[in-house]
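Chemist: Below is a structure I'd like to ask you about.
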Amino acid sequence: MAKPVPLLAEMLAAAVLLSACESPNERLPEYELAGQTMGTTYSVKLVAPDENIDRIGLGEKLHEKLVYIDGSMSTYDQNSELSRFNAAESTDWISVSAELCSVISSALDLSSRTDGAFDITVGPLVNLWGFGPEGVISVPPADDQITAARSRIGFEKVSTDCGLPAIKKDQTDIYVDLSAFAKGYAVDQSAELLEANDVANYLVEIGGELRVGGHNAAGKPWAIAVEKPLDNTREVQSVMNLTNSAVATSGDYRNFFEYDGNRYSHTIDPRSGRPVTHEGAAVTVVSDSAADADALATALLVLGPDDGLKFAANQGIAANFLVRTDSGIEHQRTAGFSALVN
Ligand code: FAD
């Protein structure tokens, strides 16, 4: 499932770097581990890992971790831990893995922090609008269907007790959707696995969420581009030089349908029960954690370029909004983001 993927300017930068200031043999050795996960792809670049590191074994450990997270947190796998919780006709405490409890607890904290703009109980609306595992739609749902789905929304209706560990829902038809958080979490877990195996210079990317450690193969900060929110082509909007950071982008130009001249994308405003309708086309967030960046990018896209930019500035979030205007795409960014851009 495509999404606004921060173009790895590394490929572009590599062309510029190689032509401008170095020969291929000046670049450090770089290895890539790649595969499929969570309905998308992943790529892990290792730069000059110690020769004694078992790269094949490390690739297997990474893949096992991603399979585990998918099996725990997917709403596309009806046997996942999360799907079993969603299907449970119970408002009692339900035992879950410590990892799922911790992820849901962190996601609920972000829902609180964003006053519900990011809300993991938004799943019934995501599915009603055709952006979940139940399949796509081409005509917007009726108002009464939206009202009915909205009665199932509200992060405050989910509780965690990770000392047990267990989670519970205040009404049986609550349906948790971790799609705007768990991919970022998987990036963080992969980065931490690399660091635990003494790999300091890396880039981990899963379906557009990414995190970099140390430097690239040219011995420089990783050059990560944000692309313009264009429907059918890929163009660079800006390039950031990053190290030890995570980046996530949420946008309305990869996963949407149009009806009667209106665009309906997969970022849902829990307050209205509808896809966001403002002129903000995409938001990129840079943070220490990919899970936080993932959720905050979704929250800021829901809040929109006015309220979202104010929220990001107040919270010290490095955020870049790409907004459609009569004269084309314009960027509005916080000081924290401006400091990262070339
Ligand atoms: P993002 O902008 O990161 O997230 C948008 C998604 O977040 C929406 O699709 C919706 O699900 C949710 N959302 C929308 N509004 C809000 C809101 N206000 N608050 C909180 N969340 C909101 N896709 C497949 O097609 N097949 C699979 O097998 C599959 N397996 C998956 C397994 C896991 C564990 C996860 C986490 C996701 C899986 N997905 C699968 C979904 C896919 O990987 C992406 O998660 C999906 O495309 C949305 O992520 P994104 O990065 O594209 O967009």
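The values are calculated or read from the model by the stated rules, or taken from the named source; none is laboratory data. Computed from a predicted structure; not experimentally measured. Methodologically, a virtual Cβ is constructed for each residue, glycine included, from the backbone with ideal geometry; neighbour enumeration extends over all protein chains shown. Heads up: the accessible areas ignore ligands, DNA and RNA and are worked out on the full protein's heavy atoms, side chains in. Shrake-Rupley method; radii C 1.70, N 1.55, O 1.52, S 1.80 Å.
Chemist: Quick one: in region 21-38, which of the residues that are at pLDDT below 95 and part of a loop (DSSP other than H, G, I, E, B) is surrounded by the most Cβ atoms within 10 Å (Cβ to Cβ)?
Modeler: Within region 21-38, the match that is surrounded by the most Cβ atoms within 10 Å (Cβ to Cβ) is Arg27.
Chemist: Taking Glu192, is it closer than 30 Å to Leu62 by Cβ, out of contact with any helix residue (DSSP H, G or I) (no Cβ under 7 Å at 6 or more places or on another chain), buried (at least 17 other Cβ atoms within 10 Å of the Cβ) and among the acidic types (Asp, Glu)?
Modeler: Taking the combined requirement at face value, the residue does not satisfy it.
Chemist: Only one of these conditions is not met by Val136: (1) under 16 Å from Arg271 (Cα atoms); (2) within 14 Å of the ligand (Cβ to nearest atom); (3) open to solvent by 50 Å² or more (accessible area, probe 1.4 Å). Which number is it?
Modeler: For Val136, the exception is condition (1).
Chemist: Only one residue in Arg234, Arg254, Arg211 is of a type in the set (D, E, K, R), over 23 Å from Asn127 (Cβ atoms), at pLDDT below 95 and not assigned by TED's automatic domain parsing to the domain that holds Gly116. Which one?
Modeler: Going through Arg234, Arg254, Arg211 in turn, the sole match is Arg234.
Chemist: Here's another thing I want to ask about it. Is it true that some residue in region 157-174 is among the charged types (D, E, K, R), within 24 Å of Thr41 (Cα to Cα) and open to solvent by 10 Å² or more (accessible area, probe 1.4 Å)?
Modeler: No - not one qualifying residue is present in region 157-174.
Chemist: If you go through region 111-128 one residue at a time, how many are of a type in the set (A, V, I, L, M, F, W, C) and either more than 9 Å from the ligand (Cβ to nearest atom) or modelled with pLDDT under 95 (or both)?
Modeler: Matching residues across region 111-128 total 1.
Chemist: Name the residues in region 184-224 that are more than 15 Å from the chain's Cα centre (by Cα) and of a type in the set (S, T, N, Q), would you?
Modeler: Within region 184-224, Asn197, Asn201, Asn216 meet the criteria.
Chemist: What about Gln332, is it closer than 30 Å to Gly213 by Cβ and touching a Pro at 6+ places or on another chain (Cβ under 6 Å)?
Modeler: yes
Chemist: Which condition from (1) assigned to a helix (DSSP H, G or I); (2) open to solvent by 10 Å² or more (accessible area, probe 1.4 Å); (3) not assigned by TED's automatic domain parsing to the domain that holds Leu28 is the one that Gly57 breaks?
Modeler: All conditions are met except number (3).
Chemist: Across region 184-224, what is the total count of residues that are within 16 Å of the ligand (Cβ to nearest atom), in contact with a strand residue (DSSP E or B) (Cβ under 6 Å, 6 or more places away or on another chain) and assigned to a helix (DSSP H, G or I)?
Modeler: 4
Chemist: Follow-up question, since we're still on this one. Please tell me if Asn244 is outside the structural domain of Pro141 (by TED's automatic domain parsing), at pLDDT 95 or above, open to solvent by less than 30 Å² (accessible area, probe 1.4 Å) and farther than 24 Å from Ile137 by Cβ.
Modeler: no
Chemist: While we're on this one: Mind checking which residues of region 74-93 are of a type in the set (Val, Ile, Thr) and crowded, with 19+ Cβ neighbours inside 10 Å?
Modeler: Correct list: Thr75 only.
Chemist: Working only within region 198-238, note down all residues that are closer than 18 Å to Gly59 by Cβ and surrounded by fewer than 17 Cβ atoms within 10 Å (Cβ to Cβ).
Modeler: Asp198, Ala200
Chemist: Pull out all pairs, ordered by first then second residue, where Cβ-Cβ is under 8 Å, the residues are six or more apart or on different chains, the first lies in region 248-260 and is more than 8 Å from the ligand (Cβ to nearest atom), and the second is of a type in the set (Lys, Arg).
Modeler: Within 8 Å, the pairs are Asp252/Arg263; Phe256/Arg263; Phe257/Arg263.
Chemist: Just need a number here: residues in region 64-105 that are under 20 Å from Ala291 (Cα atoms) and aromatic (Phe, Trp, Tyr).
Modeler: Residues in region 64-105 being under 20 Å from Ala291 (Cα atoms) and aromatic (Phe, Trp, Tyr): 2 in total.
Chemist: Name the pairs: first residue in region 197-214 and among the β-branched types (Val, Ile, Thr), second residue within 11 Å of the ligand (Cβ to nearest atom) and open to solvent by 30 Å² or more (accessible area, probe 1.4 Å), Cβ to Cβ under 8 Å, at least 6 apart or on different chains?
Modeler: Ile206/Met38; Ile206/Thr41; Ile206/Lys183
Chemist: If you scan region 60-70, which residues turn out to be over 30 Å from Ala218 (Cβ atoms), surrounded by 14 or more Cβ atoms within 10 Å (Cβ to Cβ) and either modelled with pLDDT under 95 or of a type outside the set (Phe, Trp, Tyr) (or both)?
Modeler: Ile69, Asp70
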